[in-house]
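> Before anything else, here's the structure in question.
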Amino acid sequence: MGETRILGVGVAPASGLSRGAIDNIQSAREAISIAVQKAEQSCGMRILSAVVGISGNHISSQNNRGIVAITDRSRPISLDDRMRVIEASGQISIPTNRQVLHVIPRGYWVEGTEPVSDPVGMFGGRLDAETHIVTAAVSAVQNLTKCVEGAGVQVDDIVLESIASASGVLEEQERLQGVALVDIGGSTTSVAVYDEGTVAHTACLPIAGSHLTHDLARVLRCPWESAEMVKCEHGAAYADTSLNNQTVEIHAFGTQTQKIVPLIHVCEILQARSEEILEMIGLELKRAGYLDRIAAGIVLTGGSAQLRGLAEVAEARLGIPARVGKPR
C-alpha cells in the first residue's frame, strides 16, 4: 500500500442530514459543493472523483462462514480458491431494499484446523473462510450518491465511515490486541471493533455531536450557531471546579441578546450528554461481547471527539484505555 499524502482539505457545516441519512437532498448537495470547492482551492486541483463515507441507522452487519472444496489435493491452494471461498462466505440472504457494502475476510481454515492468515500455497481438500459483511439501505446509498454527483464529483466507492477512519488512525498492535474505533460525527456515532487484526463488529448509534449542541441551545436558550460556537471554543466533557469563576458570553434569544453564562454550567450540560454517548457505546460493545476483549480500549475520532477531556471521561466511565485518534 502506497503512502497517503493530504493535498487539501475542505470543511463545511453539515446540512440536509438527520441521524446520518439525507433528509434534504438540495441542502446536502449544497454543503458537499462548498466542501469540495474549499478542498479544490486549498490544493489547487480539480476533484473529479472520490471515495465517499457512509453512516446511519440503516447500516447493519454480521459475520458469515463459507466453505469450498479443493478438488485437486496435489496442487496448492490458489488465489482463485481464496476468492471463491470469500465469495461463498459473502452469500447471505438480504431484502431487495438492502445492498452489500463490504465483505471483509476475518480468517481462513484449511481442513478445519487452526486459523491461518493466508491459505494461498497450502495444501488441503477443504477451505473455510469467515467474513464480516456490512449492508446498507439501497435508498440511502442512492441518495448519497446523487448528492455527491450533483456536486460535480464522481463516486468511485462507498465505504463505512468507521472502517475508513480506522485505516487512518489505528496502529497495527491495536488491531491485533483488540480495539474499538469510535467515530463520533454530527448525527451518528459509528463503531468498528477490531479483534486479532481484522474487523469483528460494526454498528451505528443514533446519538452524536449534534445532540450536545442541541442540549446547549435548549438549556441556555440560545440559537444553534451560538451553542455550537460555545461547545467548540469553550466546552469540555467534564465540569471541573477550576472553572468556577469563569464565564462565557453567548448570543441569546429575547431582549438580552448577549448573555453571560458560567462556564461550569456549560460543561455540566456537555458532561451529561457525553456520559450518555459513552454509556451507549459501552452497552453496544458489551452486547457484541467485546467490551472485555479489547485490550487496546477505544480510539475516538470524528469532529465531536475533539471535545476537551472526552478521552479521560471515556476511560473513567468504561474502565478501558482511551485516546483521541489522529492520522498517522
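> Kindly state, to the nearest 0.05, the FRET efficiency for Thr71 paired with Val116, given R0 = 30 Å and r defined as their beta-carbon distance.
Efficiency, from the Cβ-Cβ distance: 0.90.
> Taking a 1.4 Å probe, which of Thr255, Thr188 shows the most accessible area, and what order do the others take after it?
Thr255, Thr188
> For Val100, what accessible area in Å² do you get when you roll a 1.4 Å probe over the heavy atoms of the protein chains, rounding to the nearest 10?
Near enough 60 Å² of accessible area.
> For the chain, give me the percentage of DSSP beta bridges that are antiparallel, rounded to the nearest 5 percent.
Counting only bridges with both partners in the chain, antiparallel ones make up about 75 percent.
> Right, another one. Students often check this: by mean Cβ neighbours within 10 Å, which of 316-323, 86-93 ranks highest, and how do the rest follow? Walk me through the numbers on the way to the answer.
Values: 316-323: 17.2, 86-93: 15.0.
With the highest mean Cβ count within 10 Å placed first, the list reads 316-323, 86-93.
> For segment 144-290, state what percent of all Cα-Cα pairs lands in each successive 10 Å bin, counting from 0 Å until the bin that includes the largest distance.
11, 29, 27, 23, 9, 1
> Only helical DSSP H runs with n ≥ 4 go in: add -39500 (n - 2.57) per run for the chain, normalise by residue count and round the 222 nm mean residue ellipticity to 500 deg cm²/dmol.
Values: 9 runs with 116 residues, N = 328.
Estimated from H runs of four or more residues: -11000 deg cm²/dmol.
> Related question: If you take the C-alpha gyration tensor of segment 176-221, multiply each eigenvalue by 5 and take the square root, what semi-axes do you get, largest first, in whole Å?
So the three semi-axes of segment 176-221 are 31, 8, 5 Å.
> Which of the lysines could be linked to Lys231 by a straight reach, that is with a Cα gap under 30 Å, when you skip same-chain ones fewer than 8 residues away?
Cross-link targets: Lys38, Lys259, Lys286, Lys326.
> What is the Cα coordinate range of the chain on the first, second and third principal axes, sorted by size from largest, in whole angstrom?
Projected onto the principal axes, the Cα atoms of the chain cover 85, 46, 38 Å.
> Considering every pair of different Cα atoms, what Kirkwood radius, in Å, is found for segment 20-114?
Final number for the Kirkwood radius of segment 20-114 is 17.9 Å.
> With a 1.4 Å probe and every protein chain left in place, tell me how much accessible area Lys259 has, in Å² to the nearest 10.
60
> Can you give the Rg to Rh ratio for segment 143-223, taking only C-alpha atoms and Rh from Kirkwood?
On the Cα set of segment 143-223, Rg over Rh gives 1.11.
The values are calculated or read from the model by the stated rules, or taken from the named source; none is laboratory data. These figures come from a predicted structure and were not determined experimentally. Because the Cβ atoms are built from the backbone with ideal geometry, glycine has one as well, and the counts that use them run over all protein chains shown. Accessible surface is based on the protein model in full, side chains and every heavy atom, while ligands, DNA and RNA are left aside. Shrake-Rupley method; radii C 1.70, N 1.55, O 1.52, S 1.80 Å.
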